[in-house]
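FYI, it's all coordinate maths here, none of it is from the lab. In this text the structure is predicted, and so the values were computed from the model without any measurement. Here the Cβ positions follow ideal geometry from the backbone for every residue, glycine too, while neighbour counts run over all protein chains shown.
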Amino acid sequence: MGLANSGKTTIFNVLTGKKIETNPYPSTDYTPQLGTVKVPDYRIDYLAEILKPKKITYPSIELVDFMSFKHQDTTHNFKVIQQLKDPDAIIQVVRAFEDPKIPHPIGDINPMRDVNIFESELMFHDFELVDKRLEKIKEASKKGKKIDELQYRLLNECKEILESNIPLRKANFKEEDEKALRYLQFITNRPQIVVLNIYEKDINTEKISILQNEVEKYYTQKGSPEKIKVLSLCANIEMEISHLNPEDSKAFLEDFGLQEPASKKLIRASYEILELISFITIDNELKAWPIKKGTNALRAASKVHTDIAKGFIRAEIINYQDFLKYGSISAAKEKGLVRLEGKSYEIQDGDIIYFRFNI
């Protein structure tokens, strides 16, 4: 999401490989664009070279490109936000590049102002939801209907937070409280990645480091900075890189002092902010499975197949780092590094797992 002409659709195209048309004039099409992106994982790359599996499967994330926000048009922006179907996280694209051929909808380039506008629109949306819901509860109470005391209390807490110009990310509700409010699909309680779309001459400069620090400070003051990631990239450069073969891409990156495309960092940041890790299974297919941090072995088994979870006996586990050290599972077994774990074992990032089960 982002203001018009921020470069959000260009970045969406880079990440997903789509070819959605971009132009400097505001669109009137509210239809969200969907795309899927593979999450890069060097561990899968390395294992594939050694094991030569018939099939390789990386984790993936679904991205949605929404219509641009309009400054001082809350009705339009409310309509855009209403299209979100309970997103796990938001990528906000902020314009930080100059280009006279692409007009800024407000006039001048001012990333901090745009960040504030975007956050304010999200808070206004959530405030409207809270206010309307509280009004309905009051009307129902006047008619003698019993009200949900928990929901009424939580809504008033939300209203108080939002009236203080603070997003609901700072609320830190208990799990049962979040369940009670989930149907409202608040937007300011979502983690967020702020992407500064910069000019190519500003890559790896102190100017951008200062700007990133300013944005981080802004969100720290808003509360829950751990739910915010800030990074920068040049969308035009990323688009050029995406069209190059690996050898030319490497040389192009070196010219800009980069080790890898920034778009890869963005994909990984998306994975991290969703609090996801990967476990790996090896058979005819080499596959990385995305799960939430803290997931136990039984729930991980159900991701692979419900029958495996039903007949779960043990999980045979070797961490990727141990595999890397000895080069094979058999060699790691000789060193006693392959473990048998039960249902309650908490899966660690990079665990290579073989599930023992019986039906």
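Tabulated results
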read-out	value
Amide H partners (placed H, <5 Å) of SER232, local residues excluded	LEU196
Sorted largest first, extent of the chain alpha carbons per principal axis (Å)	67, 63, 34
Karplus-derived 3J(HN,Hα), 6.51/-1.76/1.60, for each residue of the stretch 148-157, Hz, glycine and proline x	7, 4, 4, 5, 4, 5, 5, 5, 5, 5
Assigned charges on the beta-carbon of Lys, Arg, Asp, Glu; the chain dipole about Cα centre (debye)	1420 debye
DSSP bridge pairs, the chain: antiparallel proportion in percent, nearest 5	55 percent
Ratio of the Cα radius of gyration of the stretch 143-261 to 2.2 N^0.38 Å, where N counts its residues	1.58
Cut-off under 5 Å, modelled amide H: who pairs with ILE352 long-range	ILE280, ILE318, ASN319, TYR320
Anchor LYS335: lysines whose Cα lies under 26 Å away (excluding residues fewer than 8 positions away in-chain)	LYS52, LYS287, LYS325, LYS343
Packing-based ranking, highest mean first, of 86-96, 36-46 given that Cβ atoms within 10 Å are counted	86-96, 36-46
Rounded to whole Hz, the Karplus (6.51, -1.76, 1.60) HN-Hα couplings of the stretch 120-129, x for glycine and proline	5, 5, 5, 5, 4, 4, 5, 4, 4, 4
Dipole moment magnitude, nearest 20 debye, the stretch 162-268 about Cα centre, only Lys, Arg, Asp, Glu C-beta charged	600 debye
Check: the stretch 34-184 dipole with +1 on Lys, Arg Cβ and -1 on Asp, Glu Cβ, in debye	620 debye
Relative contact order for the chain, counting Cα pairs under 8 Å that sit 6 or more residues apart, in percent	18 percent
222 nm mean residue ellipticity, helices alone, for the chain (DSSP H n ≥ 4; -39,500 (n - 2.57); rounded to 500)	-13000 deg cm²/dmol
Radius, Kirkwood style, for the stretch 228-267 when every pair of distinct Cα atoms is counted (Å)	10.5 Å
